[in-house]
Every structure is written in structure tokens, then in C-alpha cells.
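Accompanying notes for the structure given below.
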Amino acid sequence: MRITPFAGLLLASLAAGCGHVPLTSLPKLSRIDIRTTELSQLRAGISLPADIRPLPGGVTMTIVALPKDGSRHERKAVLEEVRDATELASLPVLAAPGRRFTVFRLNAADAARLGAFREEMFTGPQNSGNRGSLALGADKACRLGEPSTKPVTMTGYLRTSETRDYVPVLRDFDLTEAVRAIDPKVDLAAAVPPCKAAPPLTAPPAAP
């Protein structure tokens, strides 16, 4: 999936009233303070049909700072897939049969970089009254096998140090309908290309 037809397909702006955030999630999301949340604990989860796979580099997080002077500053980072066996084993069951739940996080370097930006924008009396927001984006994916004729839906989750569990920020969002609404000429099957096959394993050369 490219960003042009899919801008905002997974967009978790933590401002109340975001159109696709479930109402039941708003109380928990309202606890999140962009100024103090532990970035190392932040997790983004995506539930997709099992044959749709997010691509490396395709899930991002953006912190936006809106100072009192009316300017706008933002920093963006690519999230990495969580592969730690212990953490994955402790995940709640959030994906129904036939679906795949993938979790993403900031790497240590990006957590430090965004933390420094956040401190610059929100810490100290000179920054009192500055507003901020956090957004998650997913704009690259591929598919296994042939395109499905069934609706392709996506559910997004966010876990932070305040929520302590995975809170839905987007539920059963129909990507097929979203693509048609943005551009009727764009077909989801064309926008989500086949996954590239992994190169075959090559046997090591025999020892002399």
C-alpha cells in the first residue's frame, strides 16, 4: 500500500472525536499524555486478514507539537515489528481465526530522538500551553496469493504506559471501501501487490 491512496487508513490521532475511534476507547485514550508517556512502552498493533502483511518500514509514528505561536513541528519514526518471544507469548488474543495480529514498537534510538524532541517542545515554563498529538500510520502492505473478493478490514490498537493494555483506535475499517472513496479508479488488489517470495536457501559449499 502506498501513502497516496491510503493516507490515514490507520490514523490514531489521540484528539477526542477522531472519526473512526470506537467510543468505548475514548476514556482510556484520554489518559494518554503525549508529554510524559513512556515511549519505550508504546506499542501499535494491527489486525489484518492473514493473507495481508504489513511491510517493513510501513508502520510509522508521528509526534506533532503545536506551540502557542501558531507554528507546527513534527517528528516521524518508522516502527519495527516486535519479535521478542517472551513479549509475543504474553499478548492477549486480539485476532479472530483467519486474521493475523502484528505488534510494532519504536527502536531505542528513535525513542530517544523523539523523547528529546518532546522535551524541547513541552518541557519548561516557556512551553506551557503548547499542545501536541500522536498519530500512527500504516501505508505499505502486500498480499499472499490471489486478491480476495471479501471485504478487507483492518483493526488498529494502541498500548501505552497509561492504558497498560491494547486499546482499539480503529475497528473493522473497510480498506476496500476506503480506496473507492478516495479514488474509484484505484483497486485494492492493485494497491496491495503480491508479497515477494523469499530467495531460496543456498546450501553452503562442501568442505574440501
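Some observations on this one:
- Some residue of segment 85-97 being over 12 Å from G45 (Cβ atoms) and touching a strand residue (DSSP E or B) at 6+ places or on another chain (Cβ under 7 Å): no
- Residue count, segment 112-153 (criterion: of a type outside the set (A, V, I, L, M) and outside any loop (DSSP other than H, G, I, E, B)): 17
- Scanning segment 168-191 for residues that are under 28 Å from P27 (Cβ atoms), loosely packed, with under 13 Cβ neighbours inside 10 Å and at pLDDT 90 or above turns up nothing.
- Residue list for segment 65-109, filter: at pLDDT 90 or above, among the β-branched types (V, I, T) and not in a strand (DSSP E or B): V82, T86
- Screening L88 on (1) within 30 Å of E146 (Cα to Cα); (2) surrounded by fewer than 16 Cβ atoms within 10 Å (Cβ to Cβ); (3) touching a residue at least 40 places away in the same chain (Cβ under 8 Å) shows it passes everything except condition (3).
- Criterion violated by D110 - all others in (1) farther than 30 Å from T24 by Cα; (2) surrounded by fewer than 16 Cβ atoms within 10 Å (Cβ to Cβ); (3) of a type in the set (D, E, K, R); (4) touching a residue at least 24 places away in the same chain (Cβ under 8 Å) satisfied: (2)
Quick grid of which residues meet (1) of a type in the set (A, V, I, L, M); (2) touching a helix residue (DSSP H, G or I) at 6+ places or on another chain (Cβ under 7 Å); (3) over 18 Å from R31 (Cα atoms):
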| residue | (1), (2), (3) |
| --- | --- |
| F122 | no, no, no |
| S128 | no, no, yes |
| L136 | yes, no, no |
| C142 | no, no, yes |
| K150 | no, no, yes |
| Y157 | no, no, no |
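The values are calculated or read from the model by the stated rules, or taken from the named source; none is laboratory data. Because the structure is predicted, anything quoted here is derived from the model rather than measured. Neighbour counts are summed over all protein chains in view; Cβ atoms, including those assigned to glycine, are modelled from backbone coordinates with ideal geometry.
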